[in-house]
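Here the structure is laid out as structure tokens; the discussion comes afterwards.
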Amino acid sequence: TSAALALLGGSVAALVVWKWLGKKRIQKKMEEARRTRDEGMKKMAKAVQQFREQVSSDQRDAIRSLPLLELTRRLQEGSLSPRIVLYSYLEKALEVTQQTNCLRHFIPECEEQLQEIEQHKEKGLLYGVPVSIKDHIGHKGHLATCGLVQCLDTLMEEDSVLVKVLKKQGAIPFAMTNVPQSLFSYECSNPIFGRTSNPLNPQRSPGGSSGGEGALIAGGGSVLGIGSDMGGSIRLPSSFCGLCGLKPTAERLRWVLPLPLRPCPWSRLAWGIPCALGPMARDVDSLALCMKALLCQEMFQLDPTVPPIPFNEQVYSSSTPLRVGYYDTDGYFPLPPCMRRAVKETRRALEAAGHQLVLFSPPRVPYAVTELFLKTFFADGGRAWLDVFTGDIVDPGLKSQVNSCKMPRLVKKLLALLLKPLQFLLLLKLKEIAMISTCRSVKEMWNHQHQIQVYRSQFISQWKELQLDVVLCPVLGPAFTTGYPGKLLTAVSSTMLYNLLNFPAGVVPVSTVTEADEEELKLYKGCCDDPWDRTLKQAVSGAVGMPVAVQCVALPWQEELCLRFMKEVETLSRDK
């Protein structure tokens with residue numbers, strides 16, 4: 001007996017030591033990654049200091065105040081040099097990341113790209129434009145971490161297609177921005193590089209997963225950024241930070257690396273809900289210019305899976321009145337009063353401008369979100385997602401979701417049975433967090449995919465019956481207080497829906513939170529004044545002055561029409 005106890009004690013001690021050593025290895029890797037980042041920052045700061053001595057602060061501020069279209073015009077004609085523009089933004093990016101922790105790494109090769117474009121006779125559409133890119137968009141010689149320790153060992157061997165096309169068009173990728181761990185959050189925090197805050201209010205989140213992009217652009221440290229969106233990851237940071245952002249039809253730009261090289265843990269789910277790449281900027285014209293630059297022969301040749309459809313300038317520039325469907329609630333997760341107000345005011349402005357507005361009710365949104373969207377992500381009960389945390393420290397903002405996935409299937413089934421009498425939204429919300437049904441066979445998986453296609457067909461049929469051109473609808477906002485996004489995964493139904501449908505969708509800021517909005521929020525009950533409704537109320541309270549946005553949607557492959565509608569909304573909101 002004593003020998004058995006000694007053996008057991010020795011095994012427990014060995015296990016404890018093994019776990020301790022594992023944690024030490026993780027900590028060492030994270031410290032090395034942070035040290036590499038900090039060294040890069042110091043090098044850039046030194047280069048920027050030398051630049052400051054040559055160019056006045058007024059000139060640097062004037063350059064950064066230029067809209068992208070005016071900036072590109074001056075770069076093309078030669079009245080501004082790419083070097084001055086690059087260093088003006090490097091300077092500001094350093095300042096913004098000190099305030100918000102939005103940068104994961106500077107790209108020192110931007111100097112080489114600068115020298116490269118200065119030797120070109122032909123000037124691309126983005127000649128001399130500094131561009132920031134999201135952490136996981138592959139750049140040669142750099143990591144694509146997704147905020148995961150397991151991704152800290154592999155440097156990209158080549159530029160992704162998107163980065164190659166940006167460079168071909170004369171752009172200068174100069175920084176990679178921070179993301180939430182595993183990209184599965186609209187908070188922006190990971191254990192390696194820490195939390196990113198909103199430049200408009202440090203107590204609030206910039207959104208996610210393209211939160212570093214949102215913070216950097218909103219803080220003035222970048223004029224154009226590239227994000228990705230699989231559930232709202234471009235549109236939510238745009239909403240939270242007061243930016244314009246476009247999620248195209250996923251296949252319009254495609255992914256950025258061949259499948260075996262993709263660092264994104266969700267890349268294996270691309271068959272169900274594809275991840276879309278898209279631009280983020282301060283105005284709609286910038287998004288349109290970026291799409292025009294990317295949709296070129298270089299893109300089509302480098303990636304034959306991208307349909308060779310150039311940007312249709314005629315559609316974007318059209319002034320033909322539109323037939324606009326609208327709704328201010330999706331019937332699933334009621335948004336704060338200010339977001340619904342934004343839709344109503346925009347609707348009235350569009351009507352006054354001569355557009356035709358038609359009430360549109362998106363079909364069966366609770367079913368679409370819980371039974372279609374989330375079931376696709378967690379078809380295996382979340383096992384594929386849990387795998388990415390092997391040998392890693394889980395970020396606090398993700399612990400509740402990770403623990404839910406770890407819950408044994410039998411426990412989930414028992415909870416489902418116990419809660420079955422509680423129909424309506426409470427069940428749906430709980431189901432999203434802990435009891436998402438899985439696909440237990442290949443046949444069930446095929447049937448699930450069929451159900452998604454049926455839903456898309458029904459949605460498009462309803463759209464066509466009303467003869468709609470575009471749809472105006474709400475987006476989640478205003479910016480949540482830090483820590484709340486992890487408590488309200490279900491609140492992003494407004495953006496999730498259009499990932500499921502694979503429709504192009506963009507966000508445009510149209511207003512700010514007012515004192516009247518705050519007073520109305522005090523009366524907010526949501527759907528049934530349940531814990532989730534009350535948590536949302538807490539998340540957005542005290543946001544006076546923060547941006548308020550709307551969402552603009554078009555049918556698949558109609559990015560130009562979506563952007564044209566966004567431009568109309570932007571113009572009307574600025575004319576108020």
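Taking the criterion of being in contact with a His (Cβ under 9 Å, 6 or more places away or on another chain) and at negative phi, the residues of the stretch 140-157 that qualify are HIS142, LEU143, ALA144, THR145, CYS151, LEU155, MET156. Of everything in the stretch 371-405 that is in a helix (DSSP H, G or I) and charged (D, E, K, R), the residue that is least open to solvent (accessible area, probe 1.4 Å) is LYS375.
Given the structure, is LEU114 in contact with a Lys or Arg (Cβ under 7 Å, 6 or more places away or on another chain), over 19 Å from PRO199 (Cβ atoms) and not aromatic (Phe, Trp, Tyr)? Judged against the criteria, LEU114 is a match. Looking only at the stretch 214-243, residues that are closer than 24 Å to ARG254 by Cα and open to solvent by 10 Å² or more (accessible area, probe 1.4 Å) come to 3 in all. Counting only helices (runs of 4 or more DSSP H) wholly contained in the stretch 453-567, the ones carrying 2 or more residues that are open to solvent by 40 Å² or more (accessible area, probe 1.4 Å) and of a type outside the set (Asp, Glu) occupy 531-540.
Taking the stretch 151-184 as the range and being open to solvent by 30 Å² or more (accessible area, probe 1.4 Å), at pLDDT 90 or above and part of a loop (DSSP other than H, G, I, E, B) as the test, the residues that pass are GLU157, GLU158.
Restricting to the stretch 97-145, count the residues that are in a helix (DSSP H, G or I) and open to solvent by 60 Å² or more (accessible area, probe 1.4 Å).
Of the residues in that region, 7 qualify.
Sub-6 Å Cβ pairs linking a first residue in the stretch 310-338 that is not assigned by the TED database to the domain that holds GLU568 to a second residue that is part of a loop (DSSP other than H, G, I, E, B), at least 6 apart or interchain, are PRO310/LEU295; PHE311/LEU295, ordered by first then second residue.
Look at GLY354 and say whether it is farther than 30 Å from PRO191 by Cα and out of contact with any helix residue (DSSP H, G or I) (no Cβ under 6 Å at 6 or more places or on another chain).
Yes.
Residues in the stretch 64-96 that are among the basic types (Lys, Arg) and loosely packed, with under 15 Cβ neighbours inside 10 Å: ARG73 only.
Take the stretch 513-556 and flag every residue that is in contact with a strand residue (DSSP E or B) (Cβ under 8 Å, 6 or more places away or on another chain) and either within 30 Å of GLN467 (Cβ to Cβ) or at pLDDT below 95 (or both). Hits for the stretch 513-556 are VAL548, ALA549, VAL550, GLN551, CYS552, VAL553, ALA554. When VAL550 is tested against (1) in contact with a Leu (Cβ under 7 Å, 6 or more places away or on another chain); (2) of a type in the set (A, V, I, L, M); (3) under 17 Å from TYR332 (Cβ atoms), only condition (3) is not met. Note on the stretch 26-35: residues that are surrounded by 13 or more Cβ atoms within 10 Å (Cβ to Cβ) and either free of Cβ contacts under 8 Å to residues at least 12 places away in the same chain or of a type outside the set (A, V, I, L, M, F, W, C) (or both) total 3. Among the candidates LYS42, LYS23, LYS46, the residue that is open to solvent by 70 Å² or more (accessible area, probe 1.4 Å), more than 24 Å from LYS92 (Cβ to Cβ), under 39 Å from the mean Cα position of the chain (by Cα) and at pLDDT 80 or above is uniquely LYS23.
Here ILE192 meets the list (1) in a loop (DSSP other than H, G, I, E, B); (2) open to solvent by less than 10 Å² (accessible area, probe 1.4 Å); (3) closer than 30 Å to THR72 by Cβ almost entirely, failing just condition (3). ARG574 meets all of the listed conditions (1) open to solvent by 20 Å² or more (accessible area, probe 1.4 Å); (2) more than 26 Å from ASN312 (Cα to Cα) but one, namely (2). Has the stretch 329-337 got any residue that is in a helix (DSSP H, G or I), open to solvent by 50 Å² or more (accessible area, probe 1.4 Å), at pLDDT 95 or above and of a type outside the set (Ser, Thr, Tyr)? No, the stretch 329-337 contains no residue that is in a helix (DSSP H, G or I), open to solvent by 50 Å² or more (accessible area, probe 1.4 Å), at pLDDT 95 or above and of a type outside the set (Ser, Thr, Tyr).
The values are calculated or read from the model by the stated rules, or taken from the named source; none is laboratory data. Bear in mind that the values here come from a model prediction, so they are computed numbers and not experimental data. So basically every Cβ, Gly included, is an ideal-geometry build from the backbone, and we count neighbours across all protein chains shown. We work out accessible area using only protein heavy atoms, side chains counted, and drop any ligands, DNA or RNA first. Shrake-Rupley method; radii C 1.70, N 1.55, O 1.52, S 1.80 Å.
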